[in-house]
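For reference, the structure is listed below as structure tokens.
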Amino acid sequence: MDEYKDLIEASGAEKAGLIKLRDLTDPTALKVLNYWYAKRDGRRMPSPVDMNPADFRRALPYMMMLQVDRDPFDISYRLIGEHIVDSHGVSFSGRSVLAVNEEKPKLGSLLFELFKAVADLRRPVGSGGEMEFSGGGYMKFQAVYMPLSYDGERTDRIMTVTCYRQIPVTERFHDELAAISVRTA
């Protein structure tokens with residue numbers, strides 16, 4: 001457990017974490033999650049071929065498609081939406097999730113463990129919180145990670161939706177600003 005705590009602290013994700021799917025509030029994330037459930041059609045998870053981008057066109061800038069490889073196990077970015085690229089300041093399309101470590105040390109390792117857990121659990125996982133992003137500054141985010149399977153059992157892809165909102169300085173430092181104004185009053 002200390003290993004994960006170290007990854008979280010080193011990657012700057014102290015104010016981010018897993019959230020229950022029922023606690024998701026972002027309408028874009030919820031729309032795609034509900035689509036995933038509808039496409040499951042009684043299976044543990046839908047197939048990548050069940051996903052029709054035309055059905056969630058407005059969500060595409062907020063989405064990623066990850067490929068799960070085995071022998072050796074790896075997870076790589078296949079497609080990354082422009083809003084995600086803008087927020088992170090770089091596109092990792094075609095690269096391993098661990099390559100994120102080159103831009104933001106330890107964040108790639110943290111994401112790799114998260115995506116590996118989604119692949120192993122074979123069910124959607126939610127996350128949210130606050131983080132500093134290279135391209136977008138300090139932001140709040142909510143995300144949902146949904147596994148896809150060609151055979152209905154083994155995760156082959158992970159489809160994600162991540163929605164960001166910049167946090168104004170006055171909101172981010174609300175408590176500190178309030179303490180300063182009390183001291184100067």
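The values are calculated or read from the model by the stated rules, or taken from the named source; none is laboratory data. No experiment lies behind these values; they were computed from the predicted model shown. Counting neighbours? That spans all protein chains shown, and the Cβs are built from the backbone with ideal geometry, glycine included.
Inside the stretch 34-55, can you point out the residues that are surrounded by 19 or more Cβ atoms within 10 Å (Cβ to Cβ) and of a type in the set (A, V, I, L, M, F, W, C)?
Of everything in the stretch 34-55, those that are surrounded by 19 or more Cβ atoms within 10 Å (Cβ to Cβ) and of a type in the set (A, V, I, L, M, F, W, C) turn out to be 36, 45, 51.
For residue 118, are the conditions met, namely being at pLDDT 95 or above, among the hydrophobic types (A, V, I, L, M, F, W, C), buried (at least 18 other Cβ atoms within 10 Å of the Cβ) and over 10 Å from the mean Cα position of the chain (by Cα)?
When the stated conditions are applied, residue 118 passes them.
Only one of 81, 128, 94, 136 is at pLDDT below 95, in contact with a Phe, Trp or Tyr (Cβ under 7 Å, 6 or more places away or on another chain) and closer than 19 Å to residue 156 by Cβ. Can you tell me which?
Within the list 81, 128, 94, 136, the selection yields 94.
Results for (1) under 17 Å from residue 21 (Cα atoms); (2) touching a Gly at 6+ places or on another chain (Cβ under 6 Å), shown as yes or no for each residue.
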site: 93; (1), (2): no, no
site: 96; (1), (2): no, no
site: 114; (1), (2): yes, no
site: 117; (1), (2): yes, no
site: 122; (1), (2): yes, no
site: 127; (1), (2): yes, no
site: 139; (1), (2): no, no
site: 142; (1), (2): yes, yes
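Quick check: anything in the stretch 141-162 farther than 30 Å from residue 42 by Cβ and modelled with pLDDT under 85?
The answer is no, given that none of the residues of the stretch 141-162 is farther than 30 Å from residue 42 by Cβ and modelled with pLDDT under 85.
For the stretch 37-59, name all the residues that are without any contact (Cβ under 8 Å) to a residue 60 or more places away in the chain, under 15 Å from residue 122 (Cβ atoms) and part of a loop (DSSP other than H, G, I, E, B).
42, the sole residue that qualifies.
Can you find, within the stretch 1-36, the residue that is modelled with the lowest pLDDT among those that are in a helix (DSSP H, G or I), under 15 Å from the mean Cα position of the chain (by Cα) and among the polar types (S, T, N, Q)?
11
Filter the stretch 20-29 for residues that are in contact (Cβ under 8 Å) with a residue 40 or more places away in the chain and not polar (S, T, N, Q) and give the result.
Those that are in contact (Cβ under 8 Å) with a residue 40 or more places away in the chain and not polar (S, T, N, Q): 20, 21, 23, 24, 26, 29.
List the pairs whose first member sits in the stretch 102-117 and is more than 14 Å from residue 73 (Cα to Cα), whose second member is surrounded by fewer than 17 Cβ atoms within 10 Å (Cβ to Cβ) and of a type in the set (Phe, Trp, Tyr), and whose Cβ atoms are under 8 Å apart, counting only residues at least 6 apart or on separate chains?
What qualifies is 110/4.
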